[in-house]
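In what follows, a structure is listed as structure tokens, so that the remarks can point back to it.
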Number of protein chains: 2
Amino acid sequence: MTCSMNYAPQLRAQGLRMTPQRKAILHALHHSGGHLSPTQVYELARKEFSSLTEPTVYRTLEYLAEKKFLLAAHVGNGKIVYELAQNQHHHLICHQCGGTVQVEHAPLELLYRQLESSTGYKLDSSHVTFFGLCSDCQS
Amino acid sequence: MTCSMNYAPQLRAQGLRMTPQRKAILHALHHSGGHLSPTQVYELARKEFSSLTEPTVYRTLEYLAEKKFLLAAHVGNGKIVYELAQNQHHHLICHQCGGTVQVEHAPLELLYRQLESSTGYKLDSSHVTFFGLCSDCQS
DNA sequence: TATGCTATTGTAAAAAGTTGCAATAAGGAA
DNA sequence: TTCCTTATTGCAACTTTTTACAATAGCATA
Ligand SMILES: [Mn+2]
Ligand SMILES: [Mn+2]
Ligand SMILES: [Zn+2]
Ligand SMILES: [Zn+2]
């Protein structure tokens, strides 16, 4: 747990408290780098804080995502995964082999403007998931 | 079950069999019109075929979606819902109140072309989910 | 109509995710 | 340091979803 990451001040700024459970969960997400399922977070974070429980993991992930510290994404099936909210991006997933490609936000800007003006919604700029067949799986 | 719907020939054309379980499941989706969760499908379809079981419902929904008879969508949380694959559309969901708006495919065409040429993927044309705040919830 | 192949289903058990509520502890204030 | 407020957690029970495998039943063929 002696790593550069320290979310305590940012949490406090929004009225949230820093707890050993949250430290362990954020730590797991930080060091894994990519997307983690709640089960994976539970397994990893438990190494930092062994008395961690599942309800806490699910609630924390959902809450921190709502507060914009995390991003939730749907990758394929019906599974939800989380990652630290850092750079803005989207996903393109092959529903054959599961292979994923990151997509920049820039090419979506025009579409977003159109949808916002036609629907009145203010769109989130992160984590849209597209599905398709990768070049290998098209044959 | 005396309604116009008859999927048997289409199923057969792909090597799938028509069973009373599948009839009941398709019937439920047909008459409800919109999106149904697996649990909702289970409850509704059981009225047509009372010995239906959960594993069959989950497997059937996933399989029929894979075979393009159904569309799967993620609406908010981590929940997956299904509907009959008919018209091509996408969804825009308010993550505050849950309100949803259908989005035509046309405005996505340009983006799709760009993503296909930049990634080599062939994109699915159905059921992308965007999130945002509806006009009411922006205040 | 009877037969055979195999797609589909049910069973039973486990895994994953959710809920309500009482107990705990973070962190601001005295 | 101690106290207080209340955000956060653990517990226990429950619901939803998944899995492996043996039994069943579509439907093509004769
Ligand atoms: Mn991502
Ligand atoms: Mn839809
Ligand atoms: Zn692929
Ligand atoms: Zn709203």
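The values are calculated or read from the model by the stated rules, or taken from the named source; none is laboratory data. From a predicted model like this one, the values you see are computed outputs, not experimental measurements. Note: ideal-geometry Cβ built from the backbone for every residue, glycine included; neighbour counts use all protein chains shown. These accessible areas exclude ligands, DNA and RNA; they are computed on the full protein's heavy atoms, side chains included. Shrake-Rupley method; radii C 1.70, N 1.55, O 1.52, S 1.80 Å.
Couple of notes before you dig in:
- Between the helical axis of B:20-32 and the longest alpha-carbon principal axis of chain B there is an angle of about 40 degrees.
- Counted over the protein assembly as shown, the DSSP beta bridges are approximately 75% antiparallel.
- The simple spin-label model puts a point 7 Å past each Cα toward its Cβ; for B:ASN77 and A:ARG17 those points are separated by 2.6 nm.
- Prolate/oblate/rounded label for the stretch B:87-139 (Cα gyration tensor, a/c 1.5): prolate
- Inter-chain shielding of B:119-128 (mean C-beta neighbours from other protein chains, 10 Å cut-off): 6
- When +1 charges are put on Lys and Arg Cβ atoms and -1 charges on Asp and Glu Cβ atoms, the dipole computed for chain A relative to its Cα centre reaches about 580 debye.
- The lysines within cross-link reach of A:LYS47, meaning a Cα-to-Cα straight distance under 18 Å and a gap of 8 or more places when in the same chain, are A:LYS23.
- Ranked from shortest, the separations from the 7 Å Cα-to-Cβ label point of A:TYR58 to its equivalents in the other copies are 1.4 nm.
- For the protein assembly as shown, the fraction of 1.4 Å probe accessible surface lying on carbon and sulfur atoms is 48 percent.
- Chain A against chain B buries an accessible area of about 2700 Å², both chains summed, 1.4 Å probe radius.
- The string of couplings for the stretch A:65-70 from the Karplus curve (6.51, -1.76, 1.60, θ = phi - 60°) is 5, 4, 8, 6, 7, 10 Hz, one whole number per residue in order, with x for Gly and Pro.
- Mean-position separation - Cα centroids, the stretch A:72-97 and the stretch A:46-61, in angstrom: 22 Å
- Relative contact order %, chain A, counting alpha carbon pairs below 8 Å whose residues are six or more apart: 19 percent
- Ligands, DNA and RNA are left out, and with a 1.4 angstrom probe the accessible area of chain A is 53 Å² per residue.
- Here's the picture: charge each Lys and Arg Cβ at +1 and each Asp and Glu Cβ at -1 in the protein assembly as shown, and of B:THR60, A:SER32, A:SER51 the one pushed furthest to the positive end of that dipole is A:SER51.
- Shape category assigned to chain A from the gyration tensor of Cα positions, a/c cut at 1.5: oblate
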